[in-house]
Amino acid sequence: MPGGRLTQQERQQIALGLADGLAYAEIARRLDRPTSTITREVMRNGGPTGYRADLAHRATERRAHRRRRTAPARRGCLRRSTAATRRPSASTRSCSPPSSWGPACPR
């Protein structure tokens, strides 16, 4: 079974299959994709009655191109959320990022 992202044509085939009342497993067999891929695609993009291939494709492109926060910022949020649940120790105090990095998670 192929990996990678679904193509625009595959999304159109999913929409046609849903309109014809086919089960996710049958759509997956016709596209040679895992059933879970089809299920996730449909549920992520409007469900079985609201799925639109063109909107799903655009939404996927937006999700693929969004920027991620840098690693120090992610670690800062995690550290702040777990600090309340743990007692401070010498090891946790010594692994904090340099203060020159600025605030980890601005709110």
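The values are calculated or read from the model by the stated rules, or taken from the named source; none is laboratory data. Just so it is clear, the structure is predicted and the values come from calculations on it, not from any experiment. Here Cβ is always computed from backbone atoms with ideal geometry, including for glycine, and neighbour counts include all displayed protein chains. Areas reflect the complete protein model, heavy atoms only, side chains present, ligands, DNA and RNA absent. Shrake-Rupley method; radii C 1.70, N 1.55, O 1.52, S 1.80 Å.
Couplings for the range 44-49, taken from phi via the Karplus curve 6.51 cos²θ - 1.76 cosθ + 1.60 with θ = phi - 60°, read 6, 10, x, x, x, 8 Hz in order; Gly and Pro are left as x. Shown in residue order for the range 51-62 are the 3J(HN,Hα) couplings computed by the Karplus curve 6.51 cos²θ - 1.76 cosθ + 1.60 at θ = phi - 60°: 5, 10, 4, 5, 5, 5, 5, 5, 5, 5, 5, 4 Hz (x for Gly and Pro).
Sorting Glu26, Glu10 on solvent-accessible area from highest to lowest, probe radius 1.4 Å, gives Glu26, Glu10. Sorting the segments 50-63, 28-41 by their mean number of nearby beta carbons within 10 angstrom, highest to lowest, gives 28-41, 50-63.
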